[in-house]
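These notes concern the structure reproduced below.
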Amino acid sequence: MKLARRLDRIPPYLFVEISRKIAAKKAQGIEVISFGIGDPDIPTPPHVVERLRETALDAPNHRYPETDGLPEFRQAAADWYQRRFGISLNADNEVLSLIGAKEGIGHAALCFLDPGDVALVPDPGYPVYSVGTWFAGGECHWMPLQEENGWLPDLEAIPEEVARAAKVMWLNYPNNPTGAIAEADYFRQVVEFASRYDIAVLHDASYTEVAFDGYKPSSFLQTPGAMEVGMEFHSLSKSYNMTGWRLGVAAGNADMIDALMVVKSNLDSGVPQAIQYMGIEALKDPLDAIDERNAIYQRRRDRVVETLRDIGLHVDPPKAGLYVWARIPHGYTSAQVAESLLEQCDIVVTPGNGYGAYGEGYIRLTLTIDDEDMERGLQRLADWKLPPPEGS
Ligand SMILES: *Cc1c(COP(=O)(O)O)cnc(C)c1O
């Protein structure tokens, strides 16, 4: 058997090695507390699950769905965009249902990239942007995200010839893993840049509904001109604690949505209809229904930030998202710190370099652990002493 070479390019999945070590610890009866994967511990709202129970019994929902999604679901998503961001979307050709945002992000690469084409990809970043690019045969031009630039790609730093060659630019705000946000003015610069070089902007908006301190993240599509150059991916996973149900939305430029529809209709057959009914139910909730949930994450954020600062790490409290991104002391690598935390405290954190070379020097902690485990984890962290750097 000969596997395709494209698989050789894929770095080992970030959590595989960590999972192996956790399993080894568990086999010894040791309790490991994981600040690793961002997967909401808070259940899906009960009325949303109830809608699944009801619609699961309807025979029409047992058959193939339409790839582009139930018209009612697309309309619910368009109405939600109107209420939440004040944007009018045509549910017929500017909205598409996705089997989670990840599916749309991966497939979008096939819409824009031929072998050898260039994608502008943030580093650090959610791995699907680069992996999708490679699967399509494309090449990544990395856009460094750095603290001094507020974790926003420096558009000026993209060489002229790269900008001219590039076909897509991936962005993600609120950002995973850095917790950064983008203001309207930055999005305006992105639209200007994309128009100048004829680049499709693909914005991953998975975290717009997880925000703190009264902050309301905006949609890239609110930017004047964005509908001409871009498409946005939204996910019900983080917004409504629905990671297990696999439901997302693509919204934006009609030609881009159509291209994604062509790819999808040839590779998958859409989202099970009963799941889309869950989405309709969730999307019609009052917008402030998620405030209580966000208050839980905010309280956890404050505890994590406080503890990390107490042990001497530099951290800015994020305004949005599910992660705290902490700078580690000089003289250590992200992997050494993550390793030391696992070995000495039985705590899992994600090493920043797992999201790209520019993530080196940071670790990421998720806020999706229940309060009790989190407190025990933070206690271990508070008692932790980083061993002296190697060679000192
Ligand atoms: C969690 C996450 C996704 C995936 O969302 P699904 O809808 O569950 O596929 C996409 N992008 C980012 C940045 C994420 O963190």
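The values are calculated or read from the model by the stated rules, or taken from the named source; none is laboratory data. Given the structure is predicted, the values throughout are model-derived calculations rather than measurements. FYI the Cβ positions are ideal-geometry reconstructions off the backbone, even for glycines, and counts take in every protein chain you see. Note: accessible area is taken over every heavy atom of the protein model, side chains too, but ligands, DNA and RNA are not part of it. Shrake-Rupley method; radii C 1.70, N 1.55, O 1.52, S 1.80 Å.
Listing for the model above:
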{"item": "Close pairs from region 69-97: first basic (Lys, Arg), partner at pLDDT below 95 and not in a loop (DSSP other than H, G, I, E, B), Cβ under 7 Å, at least 6 apart", "result": "Arg83/Leu287; Arg84/Leu287"}
{"item": "Per-region count, region 76-131, residues over 17 Å from Asp255 (Cα atoms), aromatic (Phe, Trp, Tyr) and more than 12 Å from the ligand (Cβ to nearest atom)", "result": "3"}
{"item": "Considering residues of region 174-216 that are more than 15 Å from the ligand (Cβ to nearest atom) and in a loop (DSSP other than H, G, I, E, B) only, the residue farthest from Ser237 (Cα to Cα)", "result": "Asp198"}
{"item": "Which listed residue, of Ala274, Ala282, Ala250, is modelled with pLDDT of 95 or more and more than 16 Å from the ligand (Cβ to nearest atom)", "result": "Ala274"}
{"item": "Filter result for the condition that a residue is farther than 17 Å from Ser97 by Cβ and either open to solvent by 10 Å² or more (accessible area, probe 1.4 Å) or outside the structural domain of Asp117 (by TED's automatic domain parsing) (or both), over Asp268, Asp255", "result": "Asp255"}
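Listed here are the residues, each with its yes/no results for (1) outside the structural domain of Leu260 (by TED's automatic domain parsing); (2) aliphatic (A, V, I, L, M); (3) in contact with a Leu (Cβ under 7 Å, 6 or more places away or on another chain).
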site	(1), (2), (3)
Gln75	no, no, no
Gln82	no, no, no
Glu94	no, no, no
Ala101	no, yes, no
Ala108	no, yes, yes
Phe112	no, no, no
Tyr129	no, no, no
Glu156	no, no, no
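Each row is one residue, and each column tells you yes or no for (1) open to solvent by 10 Å² or more (accessible area, probe 1.4 Å); (2) more than 14 Å from Leu202 (Cβ to Cβ); (3) assigned to a helix (DSSP H, G or I).
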{"site": "Thr67", "(1), (2), (3)": "yes, yes, no"}
{"site": "Gln75", "(1), (2), (3)": "yes, yes, yes"}
{"site": "Ala78", "(1), (2), (3)": "no, yes, yes"}
{"site": "Leu96", "(1), (2), (3)": "no, no, no"}
{"site": "Leu110", "(1), (2), (3)": "yes, no, yes"}
{"site": "Val121", "(1), (2), (3)": "no, no, no"}
{"site": "Ser130", "(1), (2), (3)": "yes, no, yes"}
{"site": "Cys140", "(1), (2), (3)": "yes, no, no"}
{"site": "Glu148", "(1), (2), (3)": "yes, yes, yes"}
